[in-house]
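I have placed the structure first, in the form of structure tokens, so that the comments after it can refer back to it.
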Amino acid sequence: MAGRHAPADLSVEDPSLSFVAEAGEVIATPAGDWTIRLAPKMEAILAQLIGVDGRRALRRKVAGEAKAFAAAKSIVVDLGAIGRLDTAGALLLNRLFVAAGDRLKIANLDDTKRTLIEAVAEGVKPAVAPLRRSYGALSALAHLGRLGISFAEDLGLALDILGGATIGIFRWLTLRSRFRFASYVTHLERTGMAAVPIIALMSFLIGGILAHQGAFYFRRFSADLYVVDLAGMLTLRELGVLLTAIMVAGRSGSAITAELGSMKMREEIDALRVLGLDPTEVLILPRILALITAVPILTFIADIAALLGAALDAAAFTNIPGEVFASRLREAVDLQTFFVGFSKAPFMALIIGLIATVEGFKVAGSAESLGQHTTMAVVKSIFFVVVVDGFFAIFFAAVGV
């Protein structure tokens, strides 16, 4: 009839799989249309030979052709007789290939079918099973070795950053640096001024708690006044600087790692290098100098707030007036006690800055990596702050201060 097109040829040729075994070699010849419409027939054919799951077929106790297939040293799959082929047929052929394993040889495969079969095979690759964690002595030693290597790498990167920052300071002093003073002031405000309320509040509460707990024990010996000695010595020598450093590590150290990590993910650091700028000089030096300036100031504020909290607690619960507290504090501590604790602050600030920048530069290109390294920056900073405080305690005890 005019105006109508002839109907398309929708004839379908049933799939088949012929099988010839001779001299240790098997020749399998799929034929017909291997398409989704004929999937049940194709699965029935493969089930007789290799089972539905080719990886389990070689372990099945079968007879006839399947037994010969399992015992063959070489398996040739001739694809020259296949008509139509879609992803369903390619998936079933892939099961045949998997069952053949290393014995497989493919013949008469044209480029069109090759592309389809390779794409399907890529999509159904078996997942690699995760290695089981071993808890033996060798595994513990291996893990310890990996930690040592990682520590050495981090130390090398930290020394590299420290050297770059030192060079940047000398270049700044000789007026040959691109160091921006405005950036330093901005980070000083973020690290120092913005942290004053939380540092002061935390130190005030810690001072009050310390005085209250000390009074509870000194009262047994009718020595309530020694609460002042306890609060003054512990605050000025240890607690003030240590708690300040821990708070700065959790607050500012994590922020530095997150900022540098985000820049690294967005390739902004690489862009600085392309522009001829030194990332250490532009990004790291202002942050480290801001930390070195802010932490001693925050330590002084923490000392004052802690002593104020201890004085208020002593007046409220131990009946020690403020005038008596101040008088006893002048007798118990001196400027040397204050400077013992105050001298630790710049070193702790430097440690926090170096660890935060090292972890920031180690961030890879994912949000998961950013979160992991930000957490590691806080954990490592707090750990090394406590370790350094211990070394200072040993040093001052050795020199009799």
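The values are calculated or read from the model by the stated rules, or taken from the named source; none is laboratory data. The model shown is predicted, which means the values in this text are computed figures rather than measured ones. Note that we place each Cβ from the backbone using ideal geometry, even for glycine, and neighbour counts take in every protein chain shown. When the accessible area is computed, the model is the full protein with side chains, heavy atoms only, and any ligands, DNA or RNA have been set aside. Shrake-Rupley method; radii C 1.70, N 1.55, O 1.52, S 1.80 Å.
For this structure, a couple of remarks:
- Protection proxy ranking for 250-260, 345-355, 81-91, using the average of other Cβ atoms within 10 Å per residue and placing the highest first: 345-355, 250-260, 81-91.
- Taking only protein heavy atoms and a 1.4 Å probe, the accessible area of the chain is 65% carbon and sulfur.
- Per-peptide packing, taken as the mean over residues of other Cβ atoms within 10 Å, places 150-157, 35-42 in the sequence 35-42, 150-157 from highest down.
- Using the Karplus relation 6.51 cos²θ - 1.76 cosθ + 1.60 with θ = phi - 60°, the per-residue 3J(HN,Hα) values for segment 281-291 come to 6, 8, 9, 8, 4, x, 5, 5, 5, 5, 5 Hz, with x marking Gly and Pro.
- Computed magnitude of the charge dipole of segment 246-401 (debye, nearest 20; Cβ of K, R +1, Cβ of D, E -1): 120
- Nearest 10 degrees, 0 to 90: helix 87-100 Cα axis against the chain principal axis: 90
- A 1.4 Å probe run over the chain, with the rest of the protein chains in place, finds 57 Å² accessible per residue.
- When K380, K105, K264, K344 are compared by accessible area at a 1.4 angstrom probe, the order from most to least is K105, K264, K380, K344.
- For the chain, a Gaussian network of Cα nodes joined below 10 Å ranks A249, A119, A231 by mean-square fluctuation, and the top entry is A119.
- Charge dipole (debye, nearest 20) of the chain; +1 at Cβ of Lys and Arg, -1 at Cβ of Asp and Glu: 580
- Relative to the longest principal axis of the Cα atoms of the chain, the long axis of helix 137-173 lies at roughly 60 degrees.
- The angle between the Cα long axis of helix 254-265 and the longest principal axis of the Cα atoms of the chain comes to about 30 degrees, rounded to the nearest 10.
- In straight-distance terms, cross-link reach from K264 covers every one of the aspartates and glutamates whose alpha-carbon lies under 20 Å from its own, apart from those fewer than eight places away in the same chain; here that gives E153, D154, D160, D278, E281, E359, E368.
- Each residue was assigned an accessible area with a 1.4 Å probe, and for R146 the value is about 140 Å².
- For the peptides 265-272, 290-297, the ranking by packing is 290-297, 265-272, with the highest mean count of neighbouring Cβ atoms within 10 Å listed first.
- Entry for Kirkwood radius over Cα pairs in Å (calculated from the structure that is shown) out of (1) 22.6; (2) 28.1; (3) 20.6: (2)
- Contact order normalised by residue count of the chain, Cα under 8 Å, 6+ apart, percent: 16
- Rel. contact order, % - alpha carbon contacts under 8 angstrom, at least six apart, segment 259-396: 35
- Amide hydrogen proximity for G83: with H placed 1.01 Å from N in the peptide plane, the residues at 5 or more positions away or on another chain lying under 5 Å are G32, D33, W34.
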